[in-house]
Amino acid sequence: MNTLITITGSGMVTAVGNDAASSCAAIHCAIDNFRESQFMDNAGEPITTAACELDEPCSGETRLVKMAAAALAECLASNSAIDCKHTPLILCLPERSRQDYPISDDAAFFLAIQEELGLGFSDKSRLLAHGHVSAAVALLNARQMLANNQSVKHVLIASADSLLSTATLQHFEDNDRLLTSEHSDGILPGEAAAAIVVERARGNRGAMLVHGIGFAVEPAPILSGKPTQAQGLTQAIKAALEEAQLPMQEMAYRITDLSGEHYYFREAALALSRTLRVLRDEFDILHPADCVGETGTALGFIILGYQLDLIRTHPPDFPQLIAHFSNDDGRRAAIVLGMN
């Protein structure tokens, strides 16, 4: 039997707030901070982006380091019981295959975050690079750490990512995937950092339970040129529900990484039709990227942090819900979450 884990804290730096409270409040009120940038599309018009407003101007890797450290510092400030020396940090990086990979040295990036915080984490820490599905992969890793090491009381998971570079934006525009003055079916690029605290479930109020995690691969990913039938996402959702031993009809709603592209909205709709076997008057779908933009790997942890805030401030009608994530390379993941 899998160890039941909970998410007990979060930290964020997004385009709509430099902490979790302000970011979540803005998302809940559907507030964004989209602005025209210095980047130009192929028609010579400014590209609208979702950039963070940091207290200290900086760019490149230094910017990502400071954003990740700020999100982690917020998590640490909210839980004085965390002993960093004995707490693993799972740092989720952008996919290494991505155009214009923003980090020159992964290990040095990890060390720079520790130096920025002025502390060190457990030698059980690790790096992951799985894009949007990193949220599910990291939770699976955290669950294994907590199950296999009784000395580990907490696991920190963090990510910082940015799509705001000329090469990355050009890649998306060349593939007709960027929202521009000439193309409406595309992403609105952004940047963000987010972190969460994971513990064993012990009845702590205000925590969010992780009931089930599922994975699969889509045989017709977005750049394949083939129409999606949502096979991969359907399989991932079914796997998460099976592990949680819950049916889809008992989920309050879906919270997802949808960020503007028709392909993924169609995929989510098809996956729902293949997993929901009971007629429901409504089955809402939330997509926080509407407010923070497409923020790469960090988006999954914004979703988890936002859902934790919703459970605490606006509990759903049903005690469980499902989150799902899709990578451009076809990897799919789903997580069944619930109130403690």
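Using a Gaussian network for the chain with springs between C-alpha atoms less than 10 Å apart, which of these wobbles most: Ser181, Ser159, Ser326? Maximum fluctuation in the GNM of the chain, among the listed residues, is at Ser181. Only beta bridges with both residues in the chain are counted; by DSSP, about 70 percent of them are antiparallel.
Computed from the Cβ-Cβ distance with R0 of 45 Å, the FRET efficiency linking Ser104 to His314 stands at 0.60.
Tell me which trypsin sites (Lys or Arg not before Pro) from region 190-253 have a DSSP coil assignment and no more than 15 other beta carbons within 10 Å of their own. The partial results should precede the final answer.
On the way: sites: Arg200, Arg202, Arg205, Lys238; in loops: Arg202, Arg205.
Here the trypsin sites (Lys or Arg not before Pro) that fit, given the DSSP loop and packing criteria, are Arg202, Arg205.
Between Ala21 and Ala269, the simple label model (points 7 Å from Cα in the Cβ direction) yields a spacing of 4.0 nm. Checking (i) 5, 21, 26, 20, 14, 9, 4, 0; (ii) 6, 28, 36, 23, 6, 0; (iii) 5, 23, 31, 23, 10, 4, 2, 1, 0 against P(r) over Cα pairs in 10 Å bins from 0, in percent calculated from these atoms, the matching label is (ii).
A simple packing score, the average count of other Cβ atoms within 10 Å per residue, orders the peptides 209-222, 103-116, 273-286 as 209-222, 103-116, 273-286, with the highest score first.
Assuming a strict under-24 Å limit between Cα atoms, what lysine pair count do you get for the chain once near-sequence pairs (fewer than 8 apart, same chain) are dropped? Could you put the intermediate results ahead of the total?
Values: Lys66/Lys85; Lys66/Lys124; Lys85/Lys124; Lys85/Lys153; Lys124/Lys153; Lys226/Lys238.
Total qualifying Lys-Lys pairs in the chain comes to 6.
Model label points for Leu4 and Asp176, set 7 angstrom from Cα along the Cα-to-Cβ axis, are 4.9 nm apart. Taken over the alpha carbons of region 5-200 as equal point scatterers, the Debye sum produces base-10 log I(q)/I(0) values at 0.08, 0.14 Å⁻¹ of -0.28, -0.82. Of Ala160, Ala193, Ala73, the residue with the greatest mean-square motion in the GNM of the chain, using alpha carbon springs below 10 Å, is Ala73.
Panel order for His314, His183, by other beta carbons found within 10 Å of each beta carbon, from fewest to most: His314, His183. In percent, how large is the relative contact order of the chain, given Cα pairs closer than 8 Å and 6 or more residues apart? Value for the chain: 25 percent. Note on Ser80 and Gln38: the model spin-label points, each 7 Å out from Cα along the C-beta direction, lie 4.4 nm apart.
Given axes a ≥ b ≥ c from the Cα gyration tensor, I'd like to know whether region 212-339 is rounded (a/c under 1.5), prolate (a/b larger than b/c) or oblate. Since a/c reaches 1.5 but b/c is at least a/b, the shape of region 212-339 is classed as oblate.
If neighbour count is taken as other Cβ atoms inside 10 Å, put Cys58, Cys29, Cys75 in order from fewest to most. Working shown, then result.
Values: Cys58 13, Cys29 9, Cys75 24.
Ranking Cys58, Cys29, Cys75 by Cβ neighbours within 10 Å, fewest first, gives Cys29, Cys58, Cys75.
From least to most packed, judged by other beta carbons within 10 angstrom and beginning with the fewest, Thr228, Thr297 follow the order Thr228, Thr297.
Rule-based calculations on the coordinates, nothing more; no lab input. Keep in mind it's a predicted model, so treat the numbers as computed, not measured. Here Cβ is always computed from backbone atoms with ideal geometry, including for glycine, and neighbour counts include all displayed protein chains.
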